[in-house]
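Worksheet: the structure to be examined is printed underneath.
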Amino acid sequence: MALTDEQEDELTKIFGDRFIVAKHELLPFSTDIGTLPREVGLIMNNMPDALVQPVKANEIRDLYAVARRHGIPLIPRGAGTSGYGGAIPLAGGITVDMRRMDRIIEIDEEKLTVTTEPGISWYDLQFELNRRGLDLQCYPSSALAATVGGWISQGGDGIGSLKYGPVNDSVIELEVVLPNGRIVLSRDLQLFCDTEGILGIITKAKLKVKKLTEIEPTVFSVRDNHVLMNAIEEILNEGPLPFTIKLEESNYVQIKKKLWPKNELYPYPKKHCVVLVAYEGDQDEIQTGLNTVREVAGKHDGIIHSKWVADYEWKERFYPMRIKQLGPSLVAGQAHVPLESLGRVLGDFQSQQAPMRAGADGFVTSRDAVTIMGYYLEDERNLFFMLSWVQSFSILDIAERYGGHTHSTGLWLADRAEEYFGKKHLAKIAAAKSKFDSDNISNPGKIFGFWFPWVLRFGRHFMRIGFELLNNGPLKTIKTVKWMLYDFPPLKWIRNDM
């Protein structure tokens, strides 16, 4: 829907030249980090009608008043570094770009807290904290661009979560503008973390931080997925808890060989999986951890790589999607996997994908869980890109076979909200939605979306069959169809009882 002249005048009075309607400026806000097929536009209007860039909470309060009066959807957005569609319109509306609200308000070096506006990137926040001898407890691998408010609203875990928990565990208090116009300070994190702006827009965040300590990375490689899983379990059980553990299965390791610095010999043998382990703390704790890794790697005939390799991989933690250069497009999907199932999940992933066109990496996020990201090299210019795009769901399908689940909901996976939040938590969110946003103007279609994710859920099975037939022929397609059947009752119930 196009905005009327009256609506544009009202918004111009609030935002001035920070109210934008030029189509070429709106286009980047019609998608997120994932490339969308053109056909998606046939079943949803993912192009915003306008963009606003607030600089203070009162502007957002006034924006909500205009939106309520005219029934205009508002879509809050950070840097769009998620691939779940949480920052994409479902039916047009106004995208609220929060990146101009990027001030650090207060750093309390005694209480180890920082209060900041939501539009600052995690990287810039960490840089300023490091100057003060402080550091973040955890941050996303997309920290160079991802904003504080965006990751809190999306929820999740990342670098440092193994030791300090998901991002929600770092949040103390949030200032939020509710859809009904109230501006509140809240410590009810169940309402405003992970809920993707459907209950309001975050305008300040108070976070726990920690003292800046030395971090020492080390890298080793092992010969297959099950050895990888066993080695990680032993590192967690036999030594100090690492700050983070990043893993790469062997297909991903071979793909990134093409991007290795030209003047350096590629260190990883063919079919090896790679593990980056980083320890923090005093020298005794770090050395104990490094010794544990050496012992575990030696036990499994692994290779400990040089300090140069470890330092290089540590710097590369911010660039997991660098392989997009080989695409030219990249389709990605994410899932939460029990650590005990990691070997089987990666094995199924490799058996279903072409070796040099798909790979997976991930972070160990607790003593018993891993977040896995599947990457698929594609070309969005191809006629059948829609069939290729459906691969973004395949890593989740595999994870669910072995007790895994979605890592978030967003637009694409809103039908899995109860699975993600739990019945009681979701009921609490629903009650707050009715109370704060009875007109459903704040990021509609997310979490409580119904028709769209179900259309997508069933439609993607047919697209997956088309993709398999096109790329792998009928024999492999039969195997894929067999696994698809386990997504539907009663076979799904039988599988869950086995």
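The values are calculated or read from the model by the stated rules, or taken from the named source; none is laboratory data. Since the model is a prediction, treat every value here as computed from it, not as a measurement. Here the Cβ positions follow ideal geometry from the backbone for every residue, glycine too, while neighbour counts run over all protein chains shown.
Scan the range 429-445 and report the pairs whose first residue is on the phi < 0 side of the Ramachandran plot and whose second residue is assigned to a helix (DSSP H, G or I), with Cβ atoms within less than 7 Å and a gap of 6+ or a chain change.
The qualifying pairs are Ile429/Leu191; Ile429/Phe421; Ala432/Leu191; Asp439/Arg68; Ile441/Ala67; Ile441/Arg68.
What are the residues in the range 3-43 that are among the aromatic types (Phe, Trp, Tyr) and more than 28 Å from the chain's Cα centre (by Cα), if any?
Of everything in the range 3-43, those that are among the aromatic types (Phe, Trp, Tyr) and more than 28 Å from the chain's Cα centre (by Cα) turn out to be Phe15, Phe19.
Limited to the range 129-147, what total is found for residues that are under 29 Å from Ile75 (Cα atoms) and either touching a residue at least 60 places away in the same chain (Cβ under 8 Å) or surrounded by fewer than 19 Cβ atoms within 10 Å (Cβ to Cβ) (or both)?
Of the residues in the range 129-147, 9 are under 29 Å from Ile75 (Cα atoms) and either touching a residue at least 60 places away in the same chain (Cβ under 8 Å) or surrounded by fewer than 19 Cβ atoms within 10 Å (Cβ to Cβ) (or both).
If I ask for residues that are part of a loop (DSSP other than H, G, I, E, B) and under 22 Å from Arg344 (Cα atoms), which ones from the range 240-265 would you list?
Listed by number, the list holds a single entry, Glu249.
Looking only at the range 431-472, how many residues end up being farther than 29 Å from Leu51 by Cβ and either within 24 Å of the chain's Cα centre (by Cα) or modelled with pLDDT under 95 (or both)?
17
Checking the conditions here, which among Tyr279, Tyr268 is in contact (Cβ under 8 Å) with a residue 12 or more places away in the chain, touching a strand residue (DSSP E or B) at 6+ places or on another chain (Cβ under 6 Å) and assigned to a loop (DSSP other than H, G, I, E, B)?
Tyr268
Quick one: which residue in Trp389, Trp412 is buried (at least 22 other Cβ atoms within 10 Å of the Cβ), of a type in the set (A, V, I, L, M, F, W, C), at negative phi and in a loop (DSSP other than H, G, I, E, B)?
Trp412 is the lone residue from the list that is buried (at least 22 other Cβ atoms within 10 Å of the Cβ), of a type in the set (A, V, I, L, M, F, W, C), at negative phi and in a loop (DSSP other than H, G, I, E, B).
For the range 340-353, indicate whether the set of residues that are farther than 30 Å from Val177 by Cβ and outside the structural domain of Cys273 (by TED's automatic domain parsing) is non-empty.
No - not one qualifying residue is present in the range 340-353.
Looking only at the range 14-29, which residues are without any contact (Cβ under 8 Å) to a residue 60 or more places away in the chain, touching a strand residue (DSSP E or B) at 6+ places or on another chain (Cβ under 9 Å) and assigned to a helix (DSSP H, G or I)?
Scanning the range 14-29 gives Ile14, Phe15, Glu25.
Search the range 243-256 for residues that are under 20 Å from Leu339 (Cβ atoms) and pair each with any residue that is among the basic types (Lys, Arg) when their beta-carbon atoms are under 7 Å apart and the residues are at least 6 apart or on different chains.
Qualifying pairs under 7 Å: Phe243/Lys163; Lys246/Arg317; Ser250/Lys271.
Could you tell me whether any residue of the range 139-148 is under 28 Å from Val66 (Cβ atoms) and at pLDDT 95 or above?
Checked against the condition, which is being under 28 Å from Val66 (Cβ atoms) and at pLDDT 95 or above, the range 139-148 yields at least one hit.
Go through the range 155-207 and give me each residue that's in contact with a Gly (Cβ under 6 Å, 6 or more places away or on another chain) and within 16 Å of Tyr420 (Cβ to Cβ).
Cys193, Asp194, Glu196
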